1. Outside any helix (DSSP H, G or I) and in contact with a helix residue (DSSP H, G or I) (Cβ under 9 Å, 6 or more places away or on another chain): does that describe Ala69?
2. With the condition kept exactly as written, say whether any residue in segment 32-45 is assigned to a helix (DSSP H, G or I), out of contact with any helix residue (DSSP H, G or I) (no Cβ under 8 Å at 6 or more places or on another chain) and at pLDDT 90 or above.
3. Suppose the filter is touching a helix residue (DSSP H, G or I) at 6+ places or on another chain (Cβ under 7 Å) and modelled with pLDDT of 90 or more; does Leu14 pass it?
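The values are calculated or read from the model by the stated rules, or taken from the named source; none is laboratory data. All of these numbers come straight from a predicted model, not from anything done at the bench. When we count neighbours, we look across all protein chains shown, and the Cβ atoms used for this are built from the backbone with ideal geometry, even at glycine.
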Amino acid sequence: MTGIAVTLLTLATLIVMSIRFDRGHREIARLPMQWSLSGRVNWTAPRRLALAFTPVLAAILLITIQITAPVQTQPPGSDGSVLPALLTAALLLVVTHAIHLRLCDRMTSRMN
């Protein structure tokens, strides 16, 4: 039950982050998706697709962790809890999405 709550809370957080960013950047048609080491944008995606990418990826990843973890062989002494892996993945997804949105914000503010 805790795993489901973590998944839903993470997805809600990512979706709210994307919606808030979208509301503030409606004039931008495409958002950067990858940067080179020199800081140049390698490729872009349509704004809505770019903002939906991380929440969709998170849903796939977090659900996969919950489904596959119970069927894997657990080491002796392990309680078989999937919560540490789920929390780690959730935290990394939220932080990564925040960094991506910050970089997009910085890049779009330079363009204006």
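1. Values: outside any helix (DSSP H, G or I): no; in contact with a helix residue (DSSP H, G or I) (Cβ under 9 Å, 6 or more places away or on another chain): yes.
Criteria not met by Ala69.
2. No, segment 32-45 contains no residue that is assigned to a helix (DSSP H, G or I), out of contact with any helix residue (DSSP H, G or I) (no Cβ under 8 Å at 6 or more places or on another chain) and at pLDDT 90 or above.
3. On the way: touching a helix residue (DSSP H, G or I) at 6+ places or on another chain (Cβ under 7 Å): yes; modelled with pLDDT of 90 or more: yes.
Yes: the conditions hold for Leu14.
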